[in-house]
Amino acid sequence: MSETIIDEYYVGPAKVLIKEVNNAGYYIVEEPPLDNKTKEMVNKFLNELYITNYRNLEEEVISTFKKLGYDDEGIERILYNIRKAILFDKITVPMLDSNVEEIECKGYKIPITVIHRKYNGYPRLYTNIIFQSDDEVLRIIEKLAESSNKSINIAKPYIEFTLPEGHRVAATISAEISLPGSTFDIRKFPAKPLSIIWLLKNEMLNELITSYLWFLMEYKPFFIILGPTGSGKTTLLNSLLGLLNPNNKIITIEDVPEINIPTDNWIRFFSRESLTQEYSVTLFDLARLSLRYRPDYLVIGEVRGKEIEALIHAALSGHGSLTTFHGSAPEDVITRVMSLLNPDLANLFLQNIWGFIVLGIYKRKRKVLKIYEVDKGVRTLKHKIVFEYSFNEEKFKPDNLDELLKRSVKLRKIAKSFGYTKESLKRELEKRINLLKELKEQEVTDFVEIQTKLKEFYKGEAL
């Protein structure tokens, strides 16, 4: 058996080991130890504590255990164990670990698995966290649901809700519809959004691709980002929105809020389910409403149905339109859209879509695999590859501006419409490339810092 420790780090006082054993990835949690006397005192404290809010809890713990003679390190261990008991029980470490994107429970006596942001090349990492009974799984589901003012009921043996932190939870109850029993999946909402510089550092794309997309975004395109589950569609969408001029007005529409843009000119809509259809608010309802707000950019987190009509109308009205789609090729989108829309709207879609960004995973890393541009046709959609990732050479192609300008119909059309010469267009793209490289070299990955640089850039002060 081959075993390699890939990484180790701490989440509070708990240690996390990332291992590879026989080509499988593992996420091993080593909890901070407590002696029996301290355990008894912690249990007594929990029994007596009336929790009003998180800040009061922390202050109360520090005050109580300092009086009992515990040092800072001991209090940190105690505070962790109290948080664990109150908040997330056995899954506290992956819940608090900002590197973990998703937590999966397939049932009791089956190891919890996680999807790790840094080690996403493994389909999932197996943990040493195991629930020993279905009651134990059910208790954590109940605890999570209660924190969101939801209740579980065996009459409806499944539930979906969003935690106060923004994490999305889906769960099944008992063995009514899942075996061996209760299950859950928690998709975590990052506390800080991942910026385009973070994606560059992690080689999801390069500076040439980013400058190309950034430049096109300023001319309010209609782009669709597509890829399989976990390929980073929403992450890329969010990071591209973060490159827009901070003065632009952006409206985002989602079923579950995931997009997070630290800008003042952002309006955020999300759908609402109701027991009666009369009181439900769908993505389609919100998409139609959003056009009344005159956004510069209309963004739908993921299109699955009629809401794509609003994106088409937004594009016709001169708004930027962006969304994601679950699929692996432009044909997947076209087939779905053509089945949803009447012939006239379908033709408008074909006439107004700018292109497709296709994502995937290669050698354990999320990648932009291809970018297609669309040429207008008559009731047809012709698309050509502008960028692609060469698996043989392990690099993005093209890798220079001259070749990009040869391939990109959209860049040439913008140049013609707005009076760019070939050289002035290259200078615009080079300005963006240079700024991206500078931020990457300086390791400026924070969204807010990048926004500050962008404000300077759009004033002409950055370069």
Hey, does the stretch 359-376 have a residue that's at positive phi and out of contact with any Lys or Arg (no Cβ under 8 Å at 6 or more places or on another chain)? yes
Go through the residues of the stretch 421-437 one by one and say whether even a single one is in contact with a Gly (Cβ under 8 Å, 6 or more places away or on another chain), assigned by TED's automatic domain parsing to the domain that holds P221, more than 30 Å from D264 (Cα to Cα) and outside any helix (DSSP H, G or I). no
From the set of residues in the stretch 214-224 that are surrounded by fewer than 23 Cβ atoms within 10 Å (Cβ to Cβ) and touching a helix residue (DSSP H, G or I) at 6+ places or on another chain (Cβ under 7 Å), which is nearest to E438 (Cα to Cα)? W214
It is to be established whether one or more residues within the stretch 385-392 are part of a helix (DSSP H, G or I) and aliphatic (A, V, I, L, M). no
Which is out of contact with any Pro (no Cβ under 7 Å at 6 or more places or on another chain), touching a residue at least 24 places away in the same chain (Cβ under 8 Å) and surrounded by fewer than 21 Cβ atoms within 10 Å (Cβ to Cβ), of T282, T252, T263? T282
Residues being part of a loop (DSSP other than H, G, I, E, B) and in contact (Cβ under 8 Å) with a residue 12 or more places away in the chain - total across the stretch 438-463: 6
Pairing a residue in the stretch 393-409 that is over 16 Å from F215 (Cα atoms) and touching a residue at least 40 places away in the same chain (Cβ under 8 Å) with any residue that is assigned to a helix (DSSP H, G or I) and not basic (K, R), where Cβ atoms lie under 8 Å and the two sit 6 or more apart in sequence or on different chains, gives F396/L208; F396/I209; P398/L208; P398/L404; D399/L208
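Residue by residue, here is whether (1) part of a loop (DSSP other than H, G, I, E, B); (2) within 28 Å of A310 (Cα to Cα); (3) among the small types (G, A, S); (4) without any contact (Cβ under 8 Å) to a residue 24 or more places away in the chain holds:
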position	(1), (2), (3), (4)
D135	no, no, no, yes
L138	no, no, no, no
L144	no, no, no, no
E165	yes, no, no, no
L179	yes, no, no, no
L194	yes, yes, no, no
S231	yes, yes, yes, no
L244	yes, yes, no, no
N247	yes, yes, no, no
From the set of residues in the stretch 327-344 that are of a type outside the set (S, T, N, Q) and in a loop (DSSP other than H, G, I, E, B), which is surrounded by the fewest Cβ atoms within 10 Å (Cβ to Cβ)? A329
The residue that is modelled with the lowest pLDDT, considering only those in the stretch 120-164 that are buried (at least 19 other Cβ atoms within 10 Å of the Cβ) and among the polar types (S, T, N, Q), is N120
Across (1) under 35 Å from the mean Cα position of the chain (by Cα); (2) in contact (Cβ under 8 Å) with a residue 40 or more places away in the chain; (3) surrounded by 12 or more Cβ atoms within 10 Å (Cβ to Cβ), K19 clears everything bar (2)
Among the numbered criteria (1) surrounded by fewer than 16 Cβ atoms within 10 Å (Cβ to Cβ); (2) in the same structural domain as K413 (by TED's automatic domain parsing); (3) basic (K, R), which single criterion is violated by K233? (1)
Pairs needed: first member in the stretch 345-360, assigned to a helix (DSSP H, G or I); second member anywhere, small (G, A, S); C-beta distance under 7 Å; at least 6 residues apart or different chains. L350/G377; N352/A315
Looking only at the stretch 217-252, count how many residues are hydrophobic (A, V, I, L, M, F, W, C) and within 29 Å of P123 (Cα to Cα). 8
The residue that is surrounded by the fewest Cβ atoms within 10 Å (Cβ to Cβ), considering only those in the stretch 379-422 that are farther than 22 Å from N434 by Cβ and among the aromatic types (F, W, Y), is F391
In the stretch 101-109, is there at least one residue being without any contact (Cβ under 8 Å) to a residue 24 or more places away in the chain and more than 15 Å from I186 (Cα to Cα)? no
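For every residue, the table says whether it meets (1) in a helix (DSSP H, G or I); (2) under 17 Å from M217 (Cβ atoms); (3) in contact (Cβ under 8 Å) with a residue 12 or more places away in the chain.
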position: R288; (1), (2), (3): yes, no, yes
position: P295; (1), (2), (3): no, yes, yes
position: E302; (1), (2), (3): no, no, yes
position: G305; (1), (2), (3): no, no, yes
position: E309; (1), (2), (3): yes, no, yes
position: H313; (1), (2), (3): yes, no, yes
position: G318; (1), (2), (3): no, yes, yes
position: L322; (1), (2), (3): no, yes, yes
position: F325; (1), (2), (3): no, no, yes
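The values are calculated or read from the model by the stated rules, or taken from the named source; none is laboratory data. Please read all numbers here as calculations on a predicted model, not as lab measurements. Cβ atoms come from the backbone with ideal geometry, glycine included; neighbour counts cover every protein chain shown.
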